[in-house]
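Below: the structure, in structure tokens.
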Amino acid sequence: MFADRILVLIPHPDDEVVGCAAAIARARAQGAAVHGLYLTTGVPGVEVAWRPDPAGTAARVARRRAEALAAAERLGITPVAFSDRPTRTLRLHMADALAELRGAVDRLRPGVVWAPAYEGGHQDHDVANALASLIAPTVPVWEYAEYNNAGGRTRSQDFPDARGGETVLALTDAEQAEKRALLDLYESERGNLAHIRSGREAFRPLPAHDYALPPHPGTLFYARFHWVPFRHPRIDFTKPATVSRVVTAFMERVR
């Protein structure tokens with residue numbers, strides 16, 4: 001999972017800390033160059049808010065990016081690019097995102113790419129995982145666990161299923177403290193990160209996922225509140241079946 005040059009796919013600013021802060025630090029300690037490709041702003045689009053407020057949305061995007069830059073500096077990550085795509089829309093921009101990913105791989109020649117796991121934590125995570133699978137023939141890809149709802153409970157830094165080849169990093173007390181400090185840098189996301197554990201990180205070589213199927217049986221993490229009878233800006237009401245349909249259709253066209 002380690003290499004001299006590592007490219008981390010980051011669907012939202014904070015995923016690099018949630019999923020692999022300690023792993024990045026260990027790689028850097030070994031002399032690796034670590035680069036981060038940020039695929040969305042991490043902030044919902046203007047149209048999602050109760051009352052559209054372009055200026056307010058722009059301010060939230062700027063704040064999140066500033067937090068990402070502070071985390072990148074502390075981690076020693078070199079940002080490759082920051083996308084202006086709103087969160088929850090990566091599935092609508094897969095062609096552009098794939099071109100960005102391929103361009104980064106061509107320029108950087110990483111020895112490995114780290115991508116968020118296909119686990120139903122967030123639709124953008126799952127889309128990023130699918131994009132990574134398209135470059136796997138040319139560069140090794142490892143997926144990192146973040147969070148999921150397998151078994152009907154929130155699981156942090158734990159894959160929904162064991163496929164073999166999982167590598168679990170047990171974080172030292174110092175690494176746990178550093179991870180919590182990095183999470184605190186994302187002050188704008190503090191409420192959304194309360195469920196994240198800091199005791200471990202989990203990686204594995206990217207399995208051959210079937211993106212036409214959900215990552216695990218039952219309700220996915222991002223679909224937990226689909227029972228709410230009104231549209232709330234903090235809830236992603238996109239149906240997992242819709243994400244699967246868009247992803248598989250795109251992958252069929254590419255292949």
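Looking at the structure I just gave you, is ASP184 in a helix (DSSP H, G or I), of a type in the set (Asp, Glu) and either free of Cβ contacts under 8 Å to residues at least 60 places away in the same chain or on the phi > 0 side of the Ramachandran plot (or both)?
Spelling it out, ASP184 is indeed in a helix (DSSP H, G or I), of a type in the set (Asp, Glu) and either free of Cβ contacts under 8 Å to residues at least 60 places away in the same chain or on the phi > 0 side of the Ramachandran plot (or both).
Considering THR40, THR78, which residue is at pLDDT 95 or above, out of contact with any Cys (no Cβ under 9 Å at 6 or more places or on another chain), closer than 23 Å to SER133 by Cβ and of a type in the set (Ser, Thr, Tyr)?
THR40
How about segment 40-98: which of its residues are more than 25 Å from LEU7 (Cβ to Cβ) and touching a residue at least 60 places away in the same chain (Cβ under 8 Å)?
Across segment 40-98, the qualifying residues are PRO44, VAL48, ALA49, TRP50, ARG60, ARG63.
Which condition does ALA99 not pass, out of (1) of a type in the set (A, V, I, L, M); (2) surrounded by 16 or more Cβ atoms within 10 Å (Cβ to Cβ); (3) over 30 Å from GLY218 (Cβ atoms), if it passes all the others?
It is condition (2) that ALA99 fails.
Let's see how each residue does on (1) within 22 Å of GLU67 (Cα to Cα); (2) of a type in the set (Gly, Ala, Ser):
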site	(1), (2)
ASP126	no, no
ALA136	no, yes
VAL141	no, no
GLU146	yes, no
THR167	no, no
ALA177	yes, yes
LEU182	yes, no
GLU189	yes, no
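Tell me yes or no: at least one residue of segment 63-70 is closer than 19 Å to PRO233 by Cβ, of a type outside the set (S, T, N, Q), over 17 Å from the mean Cα position of the chain (by Cα) and at pLDDT 95 or above. I'd like the intermediate steps shown before the answer.
Of segment 63-70, the ones closer than 19 Å to PRO233 by Cβ are 63-64.
With the extra rule that they be of a type outside the set (S, T, N, Q), the set shrinks to 63-64.
Now narrow it down to the ones that are over 17 Å from the mean Cα position of the chain (by Cα): 63.
Of the ones still in play, those that are also at pLDDT 95 or above are 63.
Yes, some residue in segment 63-70 is closer than 19 Å to PRO233 by Cβ, of a type outside the set (S, T, N, Q), over 17 Å from the mean Cα position of the chain (by Cα) and at pLDDT 95 or above.
Please go through segment 1-20 and pick out each residue that is surrounded by 24 or more Cβ atoms within 10 Å (Cβ to Cβ) and either acidic (Asp, Glu) or in a helix (DSSP H, G or I) (or both).
Correct list: ASP14, ASP15, GLU16, VAL17, VAL18, GLY19, CYS20.
Quick grid of which residues meet (1) on the phi > 0 side of the Ramachandran plot; (2) within 17 Å of the chain's Cα centre (by Cα); (3) not hydroxyl-bearing (Ser, Thr, Tyr):
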residue: PRO140; (1), (2), (3): no, no, yes
residue: TYR144; (1), (2), (3): no, yes, no
residue: ARG153; (1), (2), (3): no, no, yes
residue: ASP158; (1), (2), (3): no, yes, yes
residue: ARG163; (1), (2), (3): no, no, yes
residue: THR167; (1), (2), (3): no, no, no
residue: ALA170; (1), (2), (3): no, no, yes
residue: GLU175; (1), (2), (3): no, no, yes
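If you scan segment 69-88, which residues turn out to be among the aliphatic types (A, V, I, L, M) and touching a helix residue (DSSP H, G or I) at 6+ places or on another chain (Cβ under 9 Å)?
Answer for segment 69-88, where residues must be among the aliphatic types (A, V, I, L, M) and touching a helix residue (DSSP H, G or I) at 6+ places or on another chain (Cβ under 9 Å): ALA70, ALA71, ALA72, LEU75, ILE77, VAL80, ALA81.
Check whether at least one residue in segment 156-168 is in contact (Cβ under 8 Å) with a residue 40 or more places away in the chain, assigned to a helix (DSSP H, G or I) and within 21 Å of PHE221 (Cα to Cα), and report yes or no.
No, because not a single residue in segment 156-168 is in contact (Cβ under 8 Å) with a residue 40 or more places away in the chain, assigned to a helix (DSSP H, G or I) and within 21 Å of PHE221 (Cα to Cα).
Yes or no, residue by residue, for (1) surrounded by 12 or more Cβ atoms within 10 Å (Cβ to Cβ); (2) assigned to a loop (DSSP other than H, G, I, E, B); (3) touching a Phe, Trp or Tyr at 6+ places or on another chain (Cβ under 6 Å):
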position: HIS216; (1), (2), (3): yes, yes, no
position: TYR222; (1), (2), (3): yes, no, no
position: PHE225; (1), (2), (3): yes, yes, no
position: VAL228; (1), (2), (3): no, yes, no
position: ARG234; (1), (2), (3): no, yes, no
position: PHE237; (1), (2), (3): yes, yes, no
position: ALA241; (1), (2), (3): no, no, no
position: VAL247; (1), (2), (3): yes, no, yes
position: MET251; (1), (2), (3): yes, no, no
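Search segment 23-34 for residues being touching a strand residue (DSSP E or B) at 6+ places or on another chain (Cβ under 8 Å), outside any strand (DSSP E or B) and among the hydrophobic types (A, V, I, L, M, F, W, C), and hand back the single one that is farthest from TYR186 (Cα to Cα).
It comes out as ALA32.
What is the residue count in segment 160-191 for residues that are in contact with a His (Cβ under 6 Å, 6 or more places away or on another chain) and either of a type in the set (A, V, I, L, M, F, W, C) or loosely packed, with under 14 Cβ neighbours inside 10 Å (or both)?
Final tally of qualifying residues: 0.
The values are calculated or read from the model by the stated rules, or taken from the named source; none is laboratory data. Remember, predicted model here, so these are calculated numbers, not experimental data. Glycine gets a Cβ as well: all are built from the backbone with ideal geometry, and neighbour counts include every protein chain shown.
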